[in-house]
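Remarks on the structure that follows.
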Amino acid sequence: MSENKEGYCLNTDGVGVNVSCIFPNGDKYEGQCSRSASGALVRSGIGKHTSASGIIYMGEWCEDKMLGRGSLQFPSGALYEGEFKDNMYHGSGTYIFPDGSVYRGHFRSDRLAGEGTFTDAQGLSWTGDFHGETVLGLKLLHNL
């Protein structure tokens with residue numbers, strides 16, 4: 001495998017297979033796989049992974065890691081849709097909280113990072129420069 005740019009993975013030998021498997025811990029995977037440099041079969045391409053606890057990831061994989069675009073749905077009702085890198089939210093995305101509030105913006109290593117908009121459960125929208133749990137220049141957007 002080789003990466004042609006951040007967020008994308010190409011199989012250099014052009015060989016990939018579609019699989020459906022159940023792991024010993026009860027997790028399930030359906031999608032594309034390819035052989036790693038060591039010869040092991042790894043998730044690469046498009047696929048759906050459902051954990052035994054009910055977490056569902058649908059999207060792009062590279063060498064057994066979430067990388068590229070996808071969605072991650074939690075049993076609590078929380079949902080992330082956007083870009084991933086090394087199994088983490090990384091890049092542009094949207095996170096919907098169980099209470100219905102929404103953050104749209106940038107993420108870095110699973111944390112809010114950069115310009116974004118947070119809309120609370122009552123529909124009020126706030127914009128600012130997010131850094132994890134802190135926000136610089138937070139402004140309430142007015143709906144006129």
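The values are calculated or read from the model by the stated rules, or taken from the named source; none is laboratory data. Keep in mind it's a predicted model, so treat the numbers as computed, not measured. Glycine gets a Cβ as well: all are built from the backbone with ideal geometry, and neighbour counts include every protein chain shown. Side chains are part of the model used for accessible areas, which takes the heavy atoms of the whole protein and leaves out ligands, DNA and RNA. Shrake-Rupley method; radii C 1.70, N 1.55, O 1.52, S 1.80 Å.
Overview of values
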item	result
Boolean, residue 81 is farther than 29 Å from residue 29 by Cβ and either at pLDDT 95 or above or in contact with an Asp or Glu (Cβ under 9 Å, 6 or more places away or on another chain) (or both)	no
Residues of region 47-73 that turn out to be outside any strand (DSSP E or B), modelled with pLDDT of 95 or more and surrounded by 15 or more Cβ atoms within 10 Å (Cβ to Cβ), as a count	2
Qualifying positions in region 1-32 - modelled with pLDDT of 85 or more, open to solvent by 90 Å² or more (accessible area, probe 1.4 Å) and either within 29 Å of residue 108 (Cα to Cα) or in a loop (DSSP other than H, G, I, E, B) (or both)	24, 25, 28, 30
Residue within region 87-103 that is at pLDDT 95 or above, under 14 Å from the mean Cα position of the chain (by Cα) and among the charged types (D, E, K, R) present	no
Pick from region 109-126, criterion of a type in the set (S, T, N, Q) and out of contact with any Leu (no Cβ under 6 Å at 6 or more places or on another chain), ranking: most open to solvent (accessible area, probe 1.4 Å)	122
Selection count, region 74-99, where residues are at positive phi and open to solvent by 40 Å² or more (accessible area, probe 1.4 Å)	3
Test: residue 35 is open to solvent by 70 Å² or more (accessible area, probe 1.4 Å) and at pLDDT below 95	yes
